[in-house]
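Enquirer: The structure that follows is given in the form of structure tokens.
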Amino acid sequence: MSSKADKRSRGRLRVVLAWHMHQPQYRDLITGTYRLPWTYLHAVKDYVDMAAHLEACPDARAVVNFAPILLEQISDYAEQTRGYLNNAQPISDPLLAALVSPVLPVVNDQRAALIRACLRANEQRLIHRFTPFNKLAQIARLVVDNPDVLTYLDDQFLADILVWYHLAWLGESVRREDGRVLRLQEKGSGYSLQDRSELLGVIADVLEAVLPRYRKLAEAGRVELSVTPYAHPILPLLLDLRSAHEAMPEAPLPELKAYPGGLERARRHVEEGVETFETHFGFRPNGCWPAEGGVSSAALALLGELGFDWVASGQSVLHNSLQRTGTAWETAEGPALYHPYRAEKPGPACFFRDDGLSDLIGFTYANWHADDAVADLIRHLETIASHCAHPEQNVVSIILDGENAWEYYPENGQFFLSALYKRLAEHPGLDLTTFSACLDSEVQIRNLGELVAGSWVYGTFSTWIGDKDKNRGWDMLGEAKRTFDEAVAEGRLMGRRLQLAERQLAVCEGSDWFWWFGDYNPADTVSDFEQLFRRHLSNLYQLIGVVPPEYLSHTFTTGKGRPQMGGVMRPGQAQA
């Protein structure tokens, strides 16, 4: 047979787009107040648009992963906004509440804080895009530099900048299709309380509908929904802090030798994550993106035991694992990256992220013309297919967050994403599919042999442990967990109080706090998340009935700044 005939007979290369939707718990579980607004802002901008793109392309397929703690917050925001509109019930997010407050703050410090909050957006894509908002922002920056300017600003300025901040954060699908939004944008200024209430109505409608839209897509077989353990903890570190040494043997570890009751806590996060997922979507997920793509032999064994068919992680984890066993990265059959692997028998199949292609979407294509960017991605995929002996047995996993990157794209990635789905769905040599569909087909699952524990970032856990400040965070968490265990053992925590304390403990175990600790992160964002971590720990002690340690009243980390990373799976990161 000729080489031309061989090429015609080759199967289609399978491509999976997997989007991870993730925010940590921003709500103070004792007061009920949301300390940061990123959940509802990403919901009305990114989660809604990502659903709309899939709805608009019937032949497209994707995997969408949700952190359960995010699902709960979206649902809570939906209830609060509708409750306010229907029954004048209070809204516990200060920024969202200010949007519809009949009486705006009169104290200068409060007014200045509100104005600063309305500047936390991508300047080029969200502020400069809208002339009225840009003009308001120019004045707002004067307030930041010189608070005396507040004397000359009236309530109308506050009302207008609040409206424009929320208009700018709306997704393109909402902006282009909702007549209320078009009218408010055309008005430009002088917004009344009625206008502000109307905008809250738009936000409420989006928040109420966004999760049901994903459920409908899943029920139609057009999207596969997957889950992360409940509060986004790094399972391998809960199970064994020393697993960090598998990929970075010399890293200093916390004084804490092992997280108390780590197996029990890891299991509970997985079980509660599945329960929360089922509550919102009505079925049990087949797959799991473990927090930060963090895997270890023990973590995979647990996920397999609890019924997951597949797990996904980072390319460097596979590279480290194959290198450990002397397995070639490139073979006659094609690149080793483009296969699922099984590390534990029985156990879930593991798919590994193509870092290069994922990062092109996350970091590079935002400044390209959409058609050129999609064409470039497809050329890469065609090249990969040409190097695979049997493309239909290979899977290219493109995995990145479904939130932060689009703030760097024109019009929230509208042109890029619509072209991406259309071109991939129509391509004769590519099969845009899902991880579960791959397992149901003839895709070859290879034996990994030995798994080196790590995450999607560098294939290590260096972003969450091994640094002085990160290790200090683990020691504080470990001490709080020991205090919790003592209270339970002594019978001081029971019933509803025990449930609340367990929920608060889960929040403290999330990965996001440790991500931001360290002197290489932006100082303002470090401060936000470090304060929130200390608040969550303090709340845990209060629920236990113990006075929080004095050190929780003081900062323990500082940030000196580093470049922003648009495509990285990081909550609120683009706004920092």
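Enquirer: When the accessible area of the chain is computed with all protein chains present and a 1.4 Å probe, what percentage of it is carbon and sulfur?
Expert: Details: 10910 of 21940 Å².
Heavy-atom surface of the chain belonging to carbon and sulfur, 1.4 Å probe: 50 percent.
Enquirer: OK, next. Counting only DSSP beta bridges with both residues in the chain, what percent are antiparallel, rounded to the nearest 5?
Expert: 15 percent
Enquirer: If you build the convex hull over the alpha carbons only and average its shadow over all orientations, what do you get for the stretch 295-445? Give it in nm² to one decimal.
Expert: Values: hull surface 38.2 nm².
That works out to 9.5 nm², a quarter of the Cα hull's surface.
Enquirer: Please count, across the chain, the pairs of lysine residues with Cα atoms under 26 Å apart that sit 8 or more places apart or on different chains.
Expert: 14
Enquirer: Residue separation times 0.36 nm, minus the C-alpha to C-alpha distance between D485 and N367: what's the value?
Expert: Numbers: separation 118, 0.36 × 118 = 42.48 nm, distance 5.11 nm.
Between D485 and N367, full extension yields 37.4 nm more.
Enquirer: Only Lys, Arg, Asp and Glu count, each charged at its Cβ (+1, +1, -1, -1), so figure out the dipole size of the chain about its Cα centre, rounded to 20 debye.
Expert: On the way: 56 positive and 74 negative charges, 58 e Å.
So the dipole magnitude of the chain works out to roughly 280 debye.
Enquirer: Calculate, for E450 and F130, the FRET efficiency according to 1/(1 + (r/R0)^6) with r their C-beta to C-beta distance and R0 56 Å; round to the nearest 0.05.
Expert: On the way: r = 54 Å, r/R0 = 0.96.
Plugging the Cβ-Cβ distance into 1/(1 + (r/R0)^6) gives 0.55.
Enquirer: Per residue of the chain, what 222 nm ellipticity follows from adding -39500 (n - 2.57) for every DSSP H run with n ≥ 4, rounded to the nearest 500? All intermediate terms of the calculation are to be shown ahead of the outcome.
Expert: Working: 23 runs with 276 residues, N = 576.
Mean residue ellipticity at 222 nm (helix-derived): -15000 deg cm²/dmol.
Enquirer: Hey, rough spin-label estimate for R242 and T33, points 7 angstrom out along Cα→Cβ, what's it come to in nanometres?
Expert: Placing both labels 7 Å beyond Cα along the Cβ direction yields 4.4 nm.
Enquirer: Also, quick follow-up: Report, in whole Å, the centroid distance computed from the Cα atoms of the stretch 161-176 and the stretch 178-194.
Expert: When both Cα centres are located, 10 Å separates them.
Enquirer: Relative contact order, percent, of the stretch 69-204 when contacts are C-alpha pairs under 8 Å separated by at least 6 residues? It would help to have the intermediate numbers written out before the result.
Expert: Working: 104 pairs, mean separation 40.6, N = 136.
That works out to 30 percent.
Enquirer: Only Lys, Arg, Asp and Glu count, each charged at its Cβ (+1, +1, -1, -1), so figure out the dipole size of the stretch 371-482 about its Cα centre, rounded to 20 debye.
Expert: On the way: 9 positive and 18 negative charges, 105 e Å.
In debye, rounded to 20, the stretch 371-482 gives about 500.
Enquirer: May I ask you to derive the relative contact order of the chain, considering only C-alpha pairs under 8 Å and at least 6 residues apart, and to give it as an integer percent? Each step should come with its number before you reach the end.
Expert: Working: 1016 pairs, mean separation 125.3, N = 576.
Relative CO of the chain lands at 22 percent.
Enquirer: Right, here's the next one. Send over a whole-number figure in Å² for the accessible area per residue of the chain, probe 1.4 Å. Don't jump to the answer; show the numbers that get you there.
Expert: Working: 21940 Å² over 576 residues.
Per-residue accessible area for the chain comes out at 38 Å².
Enquirer: Rank by packing, highest mean first: peptides 71-79, 487-495, 163-171, with packing defined as the count of other Cβ atoms within 10 Å averaged across residues.
Expert: Details: 71-79: 20.1, 487-495: 12.3, 163-171: 24.6.
Put in order of decreasing packing, that is 163-171, 71-79, 487-495.
Enquirer: Additional query: What is the Cα centroid distance between the stretch 45-91 and the stretch 449-485, reported in whole angstrom?
Expert: Using only Cα atoms to place each centre, the spacing works out to 31 Å.
Enquirer: Further question: At 0.36 nm per residue, and after removing the present C-alpha to C-alpha distance, how many nm does the segment from A332 to N146 gain when stretched out fully?
Expert: Details: separation 186, 0.36 × 186 = 66.96 nm, distance 6.55 nm.
Gain in length upon complete extension: 60.4 nm.
Enquirer: What ranking do 542-552, 337-347 get when scored by the average of other Cβ atoms within 10 Å per residue, highest first? Can you show the working numbers first?
Expert: Details: 542-552: 15.0, 337-347: 19.1.
Top of the packing list down: 337-347, 542-552.
Enquirer: Under the Karplus relation 6.51 cos²θ - 1.76 cosθ + 1.60, θ = phi - 60°, what is the ordered set of whole-Hz ³J(HN,Hα) values for the stretch 332-343, x standing for Gly and Pro?
Expert: With the stated coefficients, the stretch 332-343 comes to 5, 7, x, x, 5, 4, 9, 9, x, 10, 10, 9 Hz.
Enquirer: Sorted by packing (mean other beta-carbon atoms within 10 Å per residue), highest first, where do 534-540, 86-92 land?
Expert: Values: 534-540: 22.9, 86-92: 11.7.
Answer by packing, highest mean first, reads 534-540, 86-92.
Enquirer: For R27, what residues show an amide H to amide H distance below 5 Å, using hydrogens built from the backbone and excluding near sequence neighbours?
Expert: For R27, the qualifying residues are R35.
Enquirer: Compute the Cα gyration tensor for the stretch 259-376, then decide on rounded, prolate or oblate, letting a ≥ b ≥ c be the square roots of its eigenvalues: rounded whenever a/c is under 1.5, prolate when a/b is larger than b/c in the other cases, and oblate in all that remain. If you can, show how the numbers build up before the last one.
Expert: Values: a/c = 2.24, a/b = 1.35, b/c = 1.66.
Oblate, since a/c reaches 1.5 and b/c is not below a/b.
Enquirer: I've got another one for you. Long-range amide H contacts for R14: which residues qualify at under 5 Å (H placed 1.01 Å from N, peptide plane, sequence gap of 5 or more or a different chain)?
Expert: Placed amide hydrogens put N394, V396, D431 under 5 Å from R14.
Enquirer: Something else: Starting at the first residue of the stretch 66-83, write each ³J(HN,Hα) from the Karplus equation 6.51 cos²θ - 1.76 cosθ + 1.60 with θ = phi - 60°, in whole Hz, x for Gly and Pro.
Expert: 10, 6, x, 5, 6, 4, 5, 5, 4, 4, 5, 4, 4, 5, 5, 5, 5, x
Enquirer: Got a sec? Charge dipole of the chain, +1 on Cβ for Lys and Arg, -1 for Asp and Glu; which of V488, F130, W368 is way out at the positive end?
Expert: My answer, from the dipole projection, is W368.
Enquirer: Could you give the distance between the Cα centres of the stretch 331-385 and the stretch 200-262, to the whole Å?
Expert: When both Cα centres are located, 22 Å separates them.
Enquirer: For Q194 and E250, what does the FRET efficiency come to when R0 = 56 Å and r is the distance between their Cβ atoms, rounded to the nearest 0.05?
Expert: On the way: r = 63 Å, r/R0 = 1.12.
E(calc), rounded to 0.05, equals 0.35.
Enquirer: Taking amide H atoms as placed 1.01 Å from N in the peptide plane, list the residues 5 or more away in sequence, or in a different chain, whose amide H sits under 5 Å from that of V227.
Expert: Answer set, sorted by chain and number: F66, G287, C288, W289.
The values are calculated or read from the model by the stated rules, or taken from the named source; none is laboratory data. All of these numbers come straight from a predicted model, not from anything done at the bench. Glycine also receives a Cβ, built like all others from the backbone with ideal geometry; neighbour counts cover every protein chain displayed. For accessibility, only protein heavy atoms count, side chains too; no ligands or nucleic acids. Shrake-Rupley method; radii C 1.70, N 1.55, O 1.52, S 1.80 Å.
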